[in-house]
Each structure stands twice: as C-alpha cells, then as structure tokens.
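Below: one structure, written as structure tokens.
The values are calculated or read from the model by the stated rules, or taken from the named source; none is laboratory data. Remember, it's a predicted structure, so these values are computed and weren't measured experimentally. In this analysis, Cβ positions are derived from the backbone assuming ideal geometry, glycine residues included, and neighbour counts consider all displayed protein chains. Accessible surface areas use protein heavy atoms only, side chains included; no ligands, DNA or RNA. Shrake-Rupley method; radii C 1.70, N 1.55, O 1.52, S 1.80 Å.
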Amino acid sequence: MAEADPPARTVSLGTGVAAIDAATWDALAGDANPFVGHAFLSLLEESGSVGPGSGWQSAPLLVEDDAGVLVAAAPAYLKAHSQGEYVFDHGWADAWTRAGGDYYPKLQIAVPFTPVPGPRLLAAGDEDAGLLIRAAEAVVRQHGLSSAHATFVAPEQMPLFERAGWLVRRDIQFHFANRGYAGFDDFLATLNSAKRKQLRKERARAVEGLRIEEVTGEGIRPEHWDAMWLFYQDTGARKWGHPYLTRAAFDLIGARLAERIILLLAYDGARPVAGAMHFLGADTLYGRYWGCLADIPFLHFELCYYRAIDIAIARGLARVEAGAQGGHKLARGYGPVATWSAHYIADPGFRRAVADFLAQERRAEESEMEWLEGHMPFRRVDER
C-alpha cells in the first residue's frame, strides 16, 4: 500500500505573538510552563520590553494546515545582540566579525530574558515540530543570517534538533527537588550536620528585625508592584546595566498572571526593603526576579531559595528552579541539572569551528558536573 501524502502545511514568519489568537497559541503551548504561554509572551511585546529599540524583534515561526488553522509555533526573535539570553555566544560573534562576517541579526528561538527550560517547538507531533526546525533554517538561508539558536530547550525536544544536525550545547543550573518532604525540617534532616546548622543560622539571621509578607493573586496590590519594580531596577542596573523589563510589563504581569505569581516582600517597619517574584507552573516554582535596597546578610537566600522550598513543599510541587548560574545554591540543597541549547550555523567553516569549541566545552562541563554531584550537602547514610 502506498504511503499517504503528508498533510498540507503552510509555514510563515509572524510579526508577533500578540497578533495570534490566545486560545489557539495556548492550545499548542499547554499550561504547565507559564513562560511559553500567550499571556507572558504577548505582554513582553505590548509593554515594549521586546520590540523597537530592544534588540529583540518578535518573529514567531508558524505552521498552518490547509484550513488555515495554526498547528505548530515557536517563539522566535531576530536579535541585534546577545543580551538577555543566558547562553553566551559573544565569543562566536567576535570570531565571525573578525573573519569579516556579520553575526547579527541572528534568529533566536527562546523566551526573552528567561533562563527557564521548557518547550520551544509548540506542536502536537514530531512532524510539525520538525517543520519548525526547517523553517528556522530557511529563515537563516533566505535572509542571509549567520545562525539560528534554540535556548533552554526541554530535554525531550533535543533529539529533534540533533536529528536535524544542529549543534548541541549543555550547561548547568541548580534546582531543588522535592522528594516528598513534609516540611523544611524534613528537608534539613537530609543534609549533613554542618549544612543543617548553617542553613538554620542563615534563615534566622536573614529575618532579624524584618517582617516577611507572602502575597499572590488578588492579594497583590499596586503598592506591591511599585516596590517590586524598585527592587528589579536595582538588580537590573547592577547585573545588566539596565533592566530588561519595562515598568508596563510589571503592570501587565499583575493584570494577566497574578494567579501564577507569588511575591515575597521583606519590610523594615512599614518600608519594603527587598522582594522576590516567583512564578507558579504545573509542578514547578520558578524564581525569577529579586532586589534589595539595603545590604541584609542572607536575605537573598531566604526569599529566593529557602522560602521557595517552603512554598514548593506546601503546594506539593516537584521542584524549584531558581534561575541561571549560581554555584552557591549547591550548599543550600539545590542540585546541578543539565540545561540544553541547539545551534544552526550556516557557514560550514564557522560551523566546524563552533563544533570544536563545543566539544572542548563539553569535556570541561562534564568534569564540573561530576565535581558538583560529588559535593552535594546531603548526609551519608551512616551519618547521624
């Protein structure tokens, strides 16, 4: 029997996620990961956090069936720089520029400013997901771009990129795994004695003289967003030179995603002095934004790591993902986890050079992962 012809598909480059029907997009994205949902991606566009002047031009990859129904999509952007990605390719850009090429613009399949692993190919089946990969390659070829990149890709989607011949890159984050703990003390009991004492001291010291408020959903008031914006600005100015998100983005997060937000705010008397914003996923708590207007020892650990563990345990969540980098999380019970990206380099010679670099990087990263896994703070079976 002859094989049936594949279903007719039309592939295009969109002008933005906000222009796409929210229910249609979310039917593909699901609701497990808030960052690939229509609400989050569209508010980045509508707030001006991405768009003119940001270096991020929204250009989602879209696949429609013969009835014009969207059957696959990928959040994608034409990038004029490498900021806000957390998978660093500045060295690649410098090398290509020295060789006489233009590295930018490039195509980035990603969630802007958000180093959170998740699906990047929003499709019901592998065939349509593969069309998105081929569409990205076609955009690179047709527009003379240097490359396409998919960052913080869900591990289960990486084989699709590998089969397409994209280069694979691995990095490390630190996540807390909830092993059915009854409470924070139950988690502490799994640590060695020195770490148990350290964490208890840090938690006590962090909140001396302070009041910690946890708010979510309708309990988040305008003054909470005002405070959180100040904290975010302070951190953004110190870490990146300028904050990635605009003030309008915070208002839209409050309007559209409040039920998926938990704010932890620290008060010195009536004055808010620090805060952390966490996003709720189906089984994961995502720590995203933090800031502090005073130098308070260990308060960052308390609001971003320890209270996040409290929340995850209380809500029965499987894990806490507390952001990019941060080896200091290891001593606080957050274990090393591999994160993945995939890269399509158009020029064959440049591709070989990048592949050689990635092979060397992988060997170093594997050694680092082995070391980290051997230095987790959990107690030995024979330790009392």
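The table that follows gives values for the structure above.
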item: Residue list for region 305-359, restricted to those being assigned to a strand (DSSP E or B) and open to solvent by less than 30 Å² (accessible area, probe 1.4 Å); result: V320, E321, G335, P336, A338, T339, S341, A342, H343, I345
item: Residue satisfying all of: in region 12-27; in a helix (DSSP H, G or I) and within 7 Å of H38 (Cβ to Cβ); most open to solvent (accessible area, probe 1.4 Å) among these; result: D26
item: Which listed residue is out of contact with any helix residue (DSSP H, G or I) (no Cβ under 8 Å at 6 or more places or on another chain) and either among the hydroxyl-bearing types (S, T, Y) or modelled with pLDDT of 95 or more (or both), from E202, E218, E213; result: E213
item: Conditions (1) buried (at least 17 other Cβ atoms within 10 Å of the Cβ); (2) within 24 Å of W340 (Cβ to Cβ); number of the one not met by G91; result: (1)
item: Single residue of region 167-191 satisfying the filter (of a type in the set (A, V, I, L, M) and in contact (Cβ under 8 Å) with a residue 12 or more places away in the chain) that is surrounded by the fewest Cβ atoms within 10 Å (Cβ to Cβ); result: A182
item: Residue list for region 266-292, filter: among the aliphatic types (A, V, I, L, M), without any contact (Cβ under 8 Å) to a residue 60 or more places away in the chain and open to solvent by 10 Å² or more (accessible area, probe 1.4 Å); result: A270
item: Within region 107-124, tally of residues that are outside any loop (DSSP other than H, G, I, E, B) and either of a type in the set (S, T, Y) or open to solvent by 20 Å² or more (accessible area, probe 1.4 Å) (or both); result: 1
item: Options Y104, Y86: the member that is assigned to a loop (DSSP other than H, G, I, E, B), of a type in the set (S, T, Y), under 27 Å from G281 (Cβ atoms) and open to solvent by 30 Å² or more (accessible area, probe 1.4 Å); result: Y86
item: Some residue of region 282-292 being at pLDDT below 95 and more than 17 Å from the chain's Cα centre (by Cα); result: yes
item: Qualifying residue in region 100-107 (condition: touching a residue at least 12 places away in the same chain (Cβ under 8 Å), under 26 Å from G323 (Cα atoms) and under 22 Å from the mean Cα position of the chain (by Cα)); result: yes
